[in-house]
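Visitor: Below you'll find the structure I mean.
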Amino acid sequence: MIKNSIISSISQQEKEENRGSVEFQIFNFTNKIRRLTSHLELHKKDYLSQRGLRKILGKRQRLLSYFSKKNKVRYKELINQLDIRESKTR
């Protein structure tokens with residue numbers, strides 16, 4: 001199985017201090033999403049992992065929309081840093 005490189009943009013000290021912050025949670029969900037997508041490329045019929053991926057995507061989406069309302073500048077920086085698309089607004 002091919003392992004994706006995990007984003008190491010947040011230092012170890014910051015990880016220990018800010019585990020509950022919205023940015024850290026989005027960062028963790030993004031790492032989990034990337035690991036699951038690489039797993040699903042090899043195991044296409046793993047439906048439980050597909051379900052887990054959809055759940056994590058939903059959680060990350062809700063956190064991203066909350067974060068964009070709270071702090072638009074930091075939201076833009078985080079989106080660029082993690083290299084993910086900006087969410088669509090309704």
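Visitor: Examine the range 15-22 for a residue that is out of contact with any Gly (no Cβ under 8 Å at 6 or more places or on another chain), among the charged types (D, E, K, R), modelled with pLDDT of 95 or more and not in a loop (DSSP other than H, G, I, E, B), and state whether such a residue exists.
Guide: Among the residues of the range 15-22, not one is out of contact with any Gly (no Cβ under 8 Å at 6 or more places or on another chain), among the charged types (D, E, K, R), modelled with pLDDT of 95 or more and not in a loop (DSSP other than H, G, I, E, B), which makes the answer no.
Visitor: Quick one: in the range 29-45, of everything that is open to solvent by 60 Å² or more (accessible area, probe 1.4 Å) and assigned to a helix (DSSP H, G or I), which residue is farthest from Arg62 (Cα to Cα)?
Guide: So the residue we want is Leu42.
Visitor: Which of the residues belonging to the range 60-78 are within 13 Å of the chain's Cα centre (by Cα) and open to solvent by 70 Å² or more (accessible area, probe 1.4 Å)?
Guide: Gln61, Arg62
Visitor: I would also like to ask the following. Working carefully through the options Leu48, Leu57, find the one that is at negative phi, open to solvent by 30 Å² or more (accessible area, probe 1.4 Å), over 10 Å from the mean Cα position of the chain (by Cα) and at pLDDT 95 or above.
Guide: Answer to the check: Leu48.
The values are calculated or read from the model by the stated rules, or taken from the named source; none is laboratory data. Nothing here was measured: the structure is a model prediction, and the numbers come from that model. When we count neighbours, we look across all protein chains shown, and the Cβ atoms used for this are built from the backbone with ideal geometry, even at glycine. Ligands, DNA and RNA are stripped out before the accessible areas are found, and what is left, the full protein with its side chains, is counted by its heavy atoms. Shrake-Rupley method; radii C 1.70, N 1.55, O 1.52, S 1.80 Å.
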